[in-house]
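Asker: First the structure, then my questions, so here it is.
The values are calculated or read from the model by the stated rules, or taken from the named source; none is laboratory data. This one's a predicted model, so the numbers in the text were calculated from it and none came from an experiment. Cβ atoms come from the backbone with ideal geometry, glycine included; neighbour counts cover every protein chain shown. Keep in mind that these areas ignore ligands, DNA and RNA; they rest on the heavy atoms of the full protein, side chains included. Shrake-Rupley method; radii C 1.70, N 1.55, O 1.52, S 1.80 Å.
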There are 2 protein chains.
Amino acid sequence: MTQTDAAPALTPSLVSPEYLLAHWQGNRRLTRRVIEAFPEDQLFTFTAAPPMRPFGELAWEVVGLADYVLRGLNTGDWSWTPPAGAAPPRPRRLLAAWDEQTPRLEAAVPVYPPERYQEKRDMAWGHFSPLDTVLYAIENEIHHRGQGYVYLRALGIQPPAFYER
Amino acid sequence: MTQTDAAPALTPSLVSPEYLLAHWQGNRRLTRRVIEAFPEDQLFTFTAAPPMRPFGELAWEVVGLADYVLRGLNTGDWSWTPPAGAAPPRPRRLLAAWDEQTPRLEAAVPVYPPERYQEKRDMAWGHFSPLDTVLYAIENEIHHRGQGYVYLRALGIQPPAFYER
């Protein structure tokens with residue numbers, strides 16, 4: 001999050017919107033496998049280290065961030081509305097919400113104009129660009145997924161292979 | 001890791017080498033704070049969920065991956081040599097190794113030619129580009145750092161703020 005305010009360097013550059021999408025979707029496939037690896041009765045109850053939240057709640061936060069990004073990409077509205085206070089959904093609905101986002105990301109990420117990806121503005125967490133925010137959402141997902149690996153190990157369950165996407 | 005074998009799309013694209021560096025160094029600053037948050041006598045001994053490794057060993061793996069990337073960027077040699085079997089160093093030397101890498105990354109990441117970042121070849125873990133490998137090293141760092149957060153919570157220690165870089 002330390003990109004300067006100078007005009008973005010469009011050339012030379014490395015990551016196309018298609019690459020960004022593939023990077024994210026590869027991570028999402030792995031996170032989905034981690035959700036599925038939890039026994040249904042532990043996903044929203046077990047925590048390896050109180051006061052940490054159960055993995056189902058962490059995954060629900062990840063869904064919320066992807067929703068925020070999707071709304072921003074699709075409407076240009078990057079204002080932050082705290083998620084409604086409803087309890088996170090039980091396993092089947094969590095995965096349904098997850099799967100519903102996948103084609104929406106597939107449609108939205110590659111067509112957002114590269115120059116707009118790099119325009120800084122007031123975002124949910126400060127003065128950032130949409131690109132910063134997409135990368136932050138991916139980081140947040142990897143971060144919580146890593147925590148899910150510890151929870152699974154604490155439950156005696158072998159987590160999915162990290163390198164497999 | 002699902003980029004196609006087609007010619008890399010240099011335009012339009014999003015991430016400059018300088019941005020990639022800032023993204024990585026921001027993550028490294030946070031990971032360094034997580035290393036420092038551990039009591040010295042727990043860093044290489046405590047695990048929240050056996051058979052997981054203590055956080056010091058996970059951080060040492062992260063140092064090894066950054067070394068692999070540095071050698072590749074600096075010499076073009078991306079062959080994989082398993083790290084020597086020596087035990088990971090105690091806290092002070094771990095942080096010294098960490099800090100020694102920081103200016104080396106600062107020097108190497110921005111000057112590697114963009115077109116070479118995207119050339120696929122036989123890498124440590126398959127047929128990938130140096131860019132894939134840099135992003136994988138960052139993901140692996142975030143993954144293990146997330147695990148460090150659980151360990152700290154299990155030790156009753158408040159981890160550093162995730163959003164602060």
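Asker: So which of B:122, B:132 is in contact (Cβ under 8 Å) with a residue 24 or more places away in the chain and outside any helix (DSSP H, G or I)?
Answerer: Answer to the check: B:122.
Asker: Restricting the search to segment A:16-41, which residues are more than 30 Å from residue A:116 (Cα to Cα) and surrounded by fewer than 18 Cβ atoms within 10 Å (Cβ to Cβ)?
Answerer: A:33, A:36, A:39, A:40, A:41
Asker: Report, ordered by the first and then the second residue, all pairs with beta carbons closer than 7 Å, sequence separation of six or more or different chains, a first member in segment A:13-28 that is more than 7 Å from every other protein chain (Cβ to nearest Cβ) and under 11 Å from residue A:141 (Cβ atoms), and a second member that is open to solvent by 10 Å² or more (accessible area, probe 1.4 Å) and β-branched (Val, Ile, Thr).
Answerer: A:28/A:102
Asker: Continuing with this model, one more query. Check whether at least one residue in segment A:138-145 is in contact with a Leu (Cβ under 8 Å, 6 or more places away or on another chain), farther than 30 Å from residue A:41 by Cβ and buried (at least 18 other Cβ atoms within 10 Å of the Cβ), and report yes or no.
Answerer: No, segment A:138-145 contains no residue that is in contact with a Leu (Cβ under 8 Å, 6 or more places away or on another chain), farther than 30 Å from residue A:41 by Cβ and buried (at least 18 other Cβ atoms within 10 Å of the Cβ).
Asker: Moving on to the next point. So which residues in segment A:123-165 are at pLDDT 95 or above, small (Gly, Ala, Ser) and farther than 16 Å from residue B:165 by Cα?
Answerer: Across segment A:123-165, the qualifying residues are A:146, A:148, A:154, A:156.
Asker: Restricting to segment B:31-47, and then to whatever is assigned to a helix (DSSP H, G or I) and in contact with a helix residue (DSSP H, G or I) (Cβ under 7 Å, 6 or more places away or on another chain), can you tell me which residue is farthest from the other protein chains (Cβ to nearest Cβ)?
Answerer: Restricting to residues being assigned to a helix (DSSP H, G or I) and in contact with a helix residue (DSSP H, G or I) (Cβ under 7 Å, 6 or more places away or on another chain), the top hit is B:40.
Asker: Which of (1) of a type outside the set (Ser, Thr, Tyr); (2) at pLDDT 95 or above; (3) part of a helix (DSSP H, G or I) does residue B:96 not meet, given it meets every other one?
Answerer: Residue B:96 satisfies every listed condition except (2).
Asker: Would you confirm, using the coordinates I've provided, whether residue B:98 is more than 18 Å from residue B:33 (Cα to Cα) and touching a residue at least 24 places away in the same chain (Cβ under 8 Å)?
Answerer: Here the answer is no, as residue B:98 does not meet what is asked.
Asker: Those residues that are surrounded by 18 or more Cβ atoms within 10 Å (Cβ to Cβ) and either of a type in the set (Lys, Arg) or assigned to a helix (DSSP H, G or I) (or both), I need them from segment A:65-90; list them, please.
Answerer: A:65, A:66, A:68, A:69, A:72, A:73
Asker: Any residue at all in segment A:43-57 that's within 19 Å of residue A:133 (Cβ to Cβ) and at pLDDT 90 or above?
Answerer: no
Asker: Of all residues in segment B:113-162 being over 21 Å from residue B:98 (Cβ atoms) and among the hydroxyl-bearing types (Ser, Thr, Tyr), which is farthest from the other protein chains (Cβ to nearest Cβ)?
Answerer: Going through the qualifying residues, I end up with B:129.
Asker: Out of everything in segment B:106-165 that is under 16 Å from residue B:58 (Cβ atoms) and of a type in the set (Phe, Trp, Tyr), what residue ends up being farthest from the chain's Cα centre (by Cα)?
Answerer: Looking at residues that are under 16 Å from residue B:58 (Cβ atoms) and of a type in the set (Phe, Trp, Tyr), I get B:151.
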